[in-house]
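Contents: one structure, followed by commentary.
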Amino acid sequence: MKWSEICIHTTNEAIEPISNILHETGASGLVIEDPLDLVKVRENVYGEIYDLDPNEYPVEGVRIKAYLPMNSFLSETVNQIKISINNLMTYDIDLGTNQVSLSEVNEEEWATAWKKYYKPVKISKKITITPTWEDYTPLSSDEIIIELDPGMAFGTGTHPTTVLSIQALEEYLTENDHVIDVGCGSGVLSIAAAKLGAKEIFAYDLDEVAVESTKFNAEVNKLDQQIVVEQNNLLNNVNKKADIIVSNILAEIIVQFVDDAWDNLVDGGLFITSGIIQTKKQLVKDKLIQQGFEIIAVNEMEDWISFVAKKN
């Protein structure tokens, strides 16, 4: 399929309203090229790589890019976007140069362009995540390497919520533990659990793409015999006894299966939850305590929260 990239050269002030216009128009994907990102101070806790090319950024102002399908309505859609953007001036929003340009993009190139920004990342004391297409030499003999190709599934392994989950697994998982991964995405948490010594992992996700992605990544890491992957809605109709249940999903989803997590844990088992934004912290905490869990650890990274709760 052919796509058209619409590029608007504008100002920082106009980023939010123009982004909203593009979303309402039905644009798929949004890219913001802001030269301020080149000088932004970033945390470098575990050796993250921020490989930004100044040549891809405007000297001044920002470029907002969105992607529209090339069909018979394209010209009409672009004209409507231009009119809506120009109308922002009635609200005294500075549009800067307000240049709009179009270029053709091949879908295959677009779908894989992100790979050049995905580099090996050390996310905990022991674990480094590296994309399957990158050559990486371990820095020490005890370094654990996870090879990952997220494909179309959520989870490159570098998001704070994933990092928090893996750090909790590294601290609390013991050899031969049985683990359940709820909402496995690309399978990164299941693979981390296996490499940290878990005996058996059951990975569940409702999304068929995620299930296939987890199966693929388990095979790449030669762990497909340890990791059992199934399509399932959370823990519905699951009846197992796990030492650890780990779930990196949204807070609103976590609270829906706290009781099922309790039922599927051994006495003394741990429920590791992540994907919780600060504003939803109390919601999850209250639900865990109400169920009978003892919260033994609360970890934070940026705006995200992770709980480690024990079934007493």
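Just so it is clear, none of the values below were taken in a lab; they were calculated from the coordinates. Since we're looking at a predicted model, the values are computed, not measured. So basically every Cβ, Gly included, is an ideal-geometry build from the backbone, and we count neighbours across all protein chains shown.
The figures follow:
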item	result
Burial order of peptide ranges 85-96, 216-227, 284-295 (average beta-carbon count within 10 Å, highest first)	216-227, 284-295, 85-96
Label point distance in nm, Ile83-Glu13, each placed 7 Å from Cα along Cα→Cβ	2.5
Cα-centred dipole magnitude for the chain, charges only on beta-carbon of K, R (+1) and D, E (-1), debye, nearest 20	500
Net charge of neighbours whose Cβ lies under 11 Å from the Cβ of Glu294, counting Lys and Arg as +1 and Asp and Glu as -1	+2
Cut-off under 5 Å, modelled amide H: who pairs with Cys184 long-range	Tyr204, Asp205
FRET efficiency, 1/(1 + (r/R0)^6) with R0 30 Å, evaluated for Val31 and Asp224 via beta carbons	0.25
Cβ-derived FRET efficiency at R0 41 Å, Val100 paired with Leu206, nearest 0.05	0.55
Flagged links, alpha-carbon separation over 18 Å, of Lys287/Lys311; Lys125/Lys199; Lys215/Lys241; Lys2/Lys65; Lys119/Lys199	Lys125/Lys199; Lys215/Lys241; Lys119/Lys199
For Ser101, Ser19, Ser190, order by how many other beta-carbon atoms lie within 10 Å, fewest first	Ser101, Ser19, Ser190
For the chain: relative contact order, % (alpha-carbon pairs under 8 angstrom, 6 or more apart)	13
Ranked packing of 6-12, 229-235, most packed first, by mean Cβ within 10 Å	6-12, 229-235
